[in-house]
1. Restricting attention to the stretch 120-170, and to residues there that are over 20 Å from residue 93 (Cβ atoms) and charged (D, E, K, R), which single residue is surrounded by the most Cβ atoms within 10 Å (Cβ to Cβ)?
2. State all residues of the stretch 113-135 that are closer than 15 Å to residue 182 by Cβ and either of a type in the set (D, E, K, R) or out of contact with any helix residue (DSSP H, G or I) (no Cβ under 9 Å at 6 or more places or on another chain) (or both); if no residue qualifies, say none.
3. Could you tell me which residue of the stretch 53-98 is nearest to residue 192 (Cα to Cα), considering only residues that are in contact with a strand residue (DSSP E or B) (Cβ under 7 Å, 6 or more places away or on another chain) and basic (Lys, Arg)?
4. Taking the stretch 130-170 as the region of interest, how many residues are over 21 Å from residue 105 (Cβ atoms) and either touching a Phe, Trp or Tyr at 6+ places or on another chain (Cβ under 7 Å) or in contact (Cβ under 8 Å) with a residue 12 or more places away in the chain (or both)?
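All of the numbers you see were taken from the coordinates with simple rules; none came from a lab. Quick caveat, the model's predicted, so the values are computed rather than measured. Virtual Cβ from ideal backbone geometry, glycine too; neighbours counted across all protein chains shown.
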Amino acid sequence: MDLSEIRDLDYSNIGSASTGVKVLLLGLLALVILIGGYFYIVKDKRETLAERERTESELKQEFSTKQEKAANLEAYKAQLAEMEEMLEVMLRQLPSRTEMPELLVDISQTALGAGIDNELFEPRAEIKRDFYAEQPINVRMVGTYHEFGNFVSSVASLSRVVILTMRDISLQPVEGTGRLRLEGVVTTYRYLDDTEGGAVTAGGGQ
């Protein structure tokens, strides 16, 4: 067989070709079939296998993570219980329901003792939260920066832990006096006792 046989081959009458040409054509046909089989069958299977291997790896990682969390679950529970106990202790340092009326008087008297004029000191309705209660107070006070500083310092020195937060507060100079008028809402807090559903439980609720 030489190249002229292939070049002059009559493809409409391949049966008349020599044995060598027929063998060559059959070999080429087999090669085409093998390549086609790879792309349409083998390659697809390899991609499927690779995808399943990735899925298996992800599942193993997920299992390992969950197993680690399960192993640490008791430690997490113990840590949560310890945090709840600490929170309970901190809350118990706040005033109780029976102490709140006296505390409001103490705050008002502390302001007067610091030299502040209480033009308005009006407790509003109490707001109960999960395990504590807010006591908003409408205030209008007149004093100097120094007197307000003494007031805050004196409140911090009261026998009970007193937390004061201020909302919608304005501070304006009082013309011709060198003093300031503070007006807005001051909020203090107390803990809810067990009869009010104030026990701290898992999740921070009641």
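1. Once the filter is applied, the top-ranked residue is 147.
2. Passing the criteria: 117, 119, 120, 122.
3. Let us first name the residues in the stretch 53-98 that are in contact with a strand residue (DSSP E or B) (Cβ under 7 Å, 6 or more places away or on another chain), namely 91-92, 94-97.
Of the ones still in play, those that are also basic (Lys, Arg) are 92, 97.
Values: 92: 9, 97: 7 Å.
Among residues in the stretch 53-98 that are in contact with a strand residue (DSSP E or B) (Cβ under 7 Å, 6 or more places away or on another chain) and basic (Lys, Arg), the one nearest to residue 192 (Cα to Cα) is 97.
4. 8
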